[in-house]
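Structure first, then comments.
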Amino acid sequence: MSLSKWNIAIMATCTGLIVANIYYAQPLLVLIAREFNVSESNAGQVTFFTQIGYALGLLFCVPLGDKLERRGQILVMTACAVAALAAAALSVNITMLKITGFIIGFTSIVPQLILPLAATLAEPSKRGKVIGVIMSGLLIGILLSRTISGFVGQHLGWRAMFWIAAAMSFAMMAVMMASFPKNRPAFEGSYGALMRSVLQLVKEQPLLREASAINACCFAVFGLFWTTSVFLLSNPPYNYGSDVIGLLGLAAATGALGAPLIGRIADKKNPRIAIGYGIACVLGSYLVFWAFSTSIIGIVAGIVLLDLGLQGVHVSNQTRIYALMPEARNRMNTVFMTVSFLGTSIGSGIGLWVWGIGKWTGVCIAGLAITLIAVLIYSLTYNRAGEAQKEGVAG
């Protein structure tokens, strides 16, 4: 089966609505802290545990897409996510919310099962474009989740957002059941052999290691910003409520809309060009955040730069790794996305730590330092990764 525009649109929509599950809590942290009478940093751990759950779900469940029937796995994980979201809405204390947050993250890995499925069904000459469109859905889902969540939290309370998320995920499960094709993978070994092969891929594929490391740094500064920005904007001089803070997701979505264009560049040229520009945008965003910390226009401009840069890095890296070994796309994606979202988790944790020490200045210094690590990795591996990319495209 080849992918029609309708198939791609459905995949992008499902990807965006389900990945949003792991970000709804971010604009709600102040409301959660007030209800449970805990500090903002303590409430912020809900997002940290959700990201850790997502990373572990990527590591232990996504590889199964190379072994199990993919449509069935997608439906089971979505059903589990619905149950976890309902449990979060019923939380009686912050500990229960952290635990359910972890489960929400672990079960909301469906987008990373959809992407390899789409890459398998797409024509090779259009793979980057297809990935770009679905990634637009994913990142718009991530970013608009904050807008929706902030508005709902301000007017209906934070628990209502989790109930709404459970209902939307249930609806997406029905859509996927009706529209997704069955797809039989080729791996026939045991689960242990499957996981050992994941480690073997890390050992044998330098391009995979390089792409994952750069992505981890960029996802770290992404998590760093979105975890701490709610604290910046809820305090003077802004004093915004969760509904206004959530509107910043609309600005971020502007950058996310660049994914299809970036995908076309990755199809036609060396994707490393887009990666270099993406890292530069991320670096620039934190300079803007630091220089214009008291200007909402400056913050919005920085958000557009940050998300455009993240798109450039992520879509291009994902196109590169999918070109390496078609029969191992789920396992490749496991390594790539597990490392990337561990980066997000670490970035969120660093953000909570540096906010307690140096507030927004500390956040900006940390963001610049992590991005410079990405610059260093990109520079040191340029020639070797460029050669590996040519081999992967040729294959």
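The values are calculated or read from the model by the stated rules, or taken from the named source; none is laboratory data. As the structure is a computational prediction, the values presented were derived from the model and not from experiment. Glycine also receives a Cβ, built like all others from the backbone with ideal geometry; neighbour counts cover every protein chain displayed.
Summary of computed values
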quantity	calculated
Exclusive hit being hydrophobic (A, V, I, L, M, F, W, C), within 29 Å of residue 377 (Cβ to Cβ) and at pLDDT below 85, set 194, 201	194
Residue within the range 266-288 that is touching a Phe, Trp or Tyr at 6+ places or on another chain (Cβ under 9 Å), farther than 21 Å from residue 126 by Cα, at pLDDT 60 or above and of a type in the set (Phe, Trp, Tyr) present	yes
Scan of the range 85-103 for residues that are in a helix (DSSP H, G or I) and in contact with a Phe, Trp or Tyr (Cβ under 8 Å, 6 or more places away or on another chain), ordered by number	85, 86, 88, 89, 94, 97, 98, 99, 101, 102
Hey, residue 213 in contact with a helix residue (DSSP H, G or I) (Cβ under 6 Å, 6 or more places away or on another chain), among the hydrophobic types (A, V, I, L, M, F, W, C) and modelled with pLDDT of 85 or more or not	yes
The range 190-202 residues that are under 13 Å from residue 325 (Cα atoms), paired with ones that are of a type in the set (Lys, Arg) and in a helix (DSSP H, G or I) (beta carbon under 7 Å, 6 or more apart)	197/331; 198/331; 201/331; 202/209
Members of the range 41-95 found to be surrounded by fewer than 18 Cβ atoms within 10 Å (Cβ to Cβ), modelled with pLDDT of 90 or more, under 23 Å from residue 120 (Cβ atoms) and of a type outside the set (A, V, I, L, M), listed by number	none
Selection from the range 267-289 of residues that are over 26 Å from residue 129 (Cα atoms) and in contact with a Ser or Thr (Cβ under 7 Å, 6 or more places away or on another chain)	286
Single condition residue 182 does not satisfy, out of (1) assigned to a helix (DSSP H, G or I); (2) of a type in the set (Lys, Arg); (3) surrounded by fewer than 20 Cβ atoms within 10 Å (Cβ to Cβ)	(1)
Number of the condition not met by residue 62 [criteria: (1) aliphatic (A, V, I, L, M); (2) touching an Asp or Glu at 6+ places or on another chain (Cβ under 9 Å); (3) in contact (Cβ under 8 Å) with a residue 24 or more places away in the chain]	(2)
Boolean, residue 178 is without any contact (Cβ under 8 Å) to a residue 40 or more places away in the chain and under 24 Å from residue 68 (Cβ atoms)	yes
Listing of helices (runs of 4 or more DSSP H) fully contained in the range 2-75 that carry 1 or more residues being under 12 Å from residue 112 (Cβ atoms)	5-19, 40-61
Test: residue in the range 303-319 that is surrounded by fewer than 24 Cβ atoms within 10 Å (Cβ to Cβ), closer than 16 Å to residue 365 by Cα and touching a residue at least 12 places away in the same chain (Cβ under 8 Å)	no
